[in-house]
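I have placed the structure first, in the form of structure tokens, so that the comments after it can refer back to it.
The values are calculated or read from the model by the stated rules, or taken from the named source; none is laboratory data. As the structure is a computational prediction, the values presented were derived from the model and not from experiment. As a convention, Cβ positions derive from the backbone with ideal geometry for all residues, glycine included, and neighbour counts pool all protein chains shown.
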Amino acid sequence: MKNSGSSKDFNCYRFIGNYQKHEMLDHTAAQVLLAIESGDSIRCVAQHLHTPYETVRQAVNRLEDAGYVTYDEGLSVVDEHVRDAARELVAASAGVSPPSIEEAYVIPQFGEWPFAFTRVDAVYVWTQGGYQVSRDPDDYPIFIAVREQDIDAWETFFAPFGLPTAFERQPSDEIDGRLQIVLEPRPSLDIEHVEGYPVIPRDETIEYMRENYAQFQSGLAMLDRMYEDLDLGVTYRETERAQT
């Protein structure tokens, strides 16, 4: 019988068939496929996904057995078309069950373009989760800086995940769901990494916090304690807040 489909179609169908029929490639395995950058270690992928090492290791083993990844001085995906199929599966899953807040922080890493968390999310990253300004889980914007040239690509990327995008935070009654992605276009990006998260530089984050001092005074004090090379001259006690 003549095969009328392309090799890309065949690989995608093979991937989906294994996923659906044999359940050897679960949601975690699909995420691992998307998170792998050539040469990554299992620990590095686990950090990107903020998933326990053992969970990722078991997923990698299944992917190796299925022939989708190899491990030779680092992980690599055998066929990039399979990665496309994994992205479709993860997006389809989001259509059935909307992403959680935690998952929404991971999803941008499945894109093909650079980005960095910014504004309040940069504060969250640089304090390693220690400082989270009061945010309503039912009205939750996530702020990311992206290159101007990638705006259209990011808008298209987020749509299948049910994550609306805008350049400014939108009122909750104007969007579907509790999550939204606020894109901050920039001519270029200066990206650092903290615990697997891409983020704008620390100096820029501190500048943003100083511009919003009343909101981030305690966060600045936390950074001052966390990083020995800083001397921000900020002190903060809970009693001070109680008196204001």
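Restricting attention to the range 138-166, and to residues there that are of a type in the set (Ser, Thr, Tyr) and touching a helix residue (DSSP H, G or I) at 6+ places or on another chain (Cβ under 7 Å), which single residue is nearest to residue 112 (Cα to Cα)? If we take residues in the range 138-166 being of a type in the set (Ser, Thr, Tyr) and touching a helix residue (DSSP H, G or I) at 6+ places or on another chain (Cβ under 7 Å), then 165 is nearest to residue 112 (Cα to Cα).
Restricting the range 144-179 to residues that are in a loop (DSSP other than H, G, I, E, B) and of a type in the set (Asp, Glu) leaves a set whose member that is surrounded by the fewest Cβ atoms within 10 Å (Cβ to Cβ) is 168.
Among the residues of the range 124-133, those identified as hydrophobic (A, V, I, L, M, F, W, C) and either touching a Phe, Trp or Tyr at 6+ places or on another chain (Cβ under 6 Å) or modelled with pLDDT under 90 (or both) are 125, 133.
Taken residue by residue, the range 105-122 has at least one member that is in the same structural domain as residue 211 (by TED's automatic domain parsing), among the basic types (Lys, Arg) and surrounded by 16 or more Cβ atoms within 10 Å (Cβ to Cβ).
Applying the condition of being modelled with pLDDT of 95 or more and of a type in the set (A, V, I, L, M, F, W, C) to the range 180-198 and asking which residue is surrounded by the fewest Cβ atoms within 10 Å (Cβ to Cβ) yields 191. Of all residues in the range 48-63, those that are in a helix (DSSP H, G or I) have Cβ atoms under 9 Å from Cβ atoms of residues that are of a type in the set (Asp, Glu), 6 or more apart or on another chain, in 48/37; 48/40; 59/26; 62/26. Every condition in (1) crowded, with 21+ Cβ neighbours inside 10 Å; (2) out of contact with any Lys or Arg (no Cβ under 9 Å at 6 or more places or on another chain) holds for residue 126 except the one numbered (2). Could you give me the residue pairs with C-beta distances under 6 Å whose first residue belongs to the range 188-207 and is among the charged types (D, E, K, R), whose second residue is in a strand (DSSP E or B) wherever it lies, and which are 6+ apart or on separate chains? Close Cβ pairs (under 6 Å, with a partner that is in a strand (DSSP E or B)) amount to 192/199.
Only one of the numbered conditions (1) crowded, with 17+ Cβ neighbours inside 10 Å; (2) part of a helix (DSSP H, G or I); (3) not aliphatic (A, V, I, L, M) is violated by residue 141, and that is (2). Only one of 217, 149 is over 16 Å from residue 123 (Cα atoms) and assigned by TED's automatic domain parsing to the domain that holds residue 113. Can you tell me which? The conditions single out 149.
Restricting 202, 186, 169, 135 to those that are touching a helix residue (DSSP H, G or I) at 6+ places or on another chain (Cβ under 6 Å) and charged (D, E, K, R) reduces the list to 202.
Assessment of the range 82-100 against the conditions (of a type in the set (A, V, I, L, M), modelled with pLDDT of 95 or more and not in a loop (DSSP other than H, G, I, E, B)) yields no matching residue.
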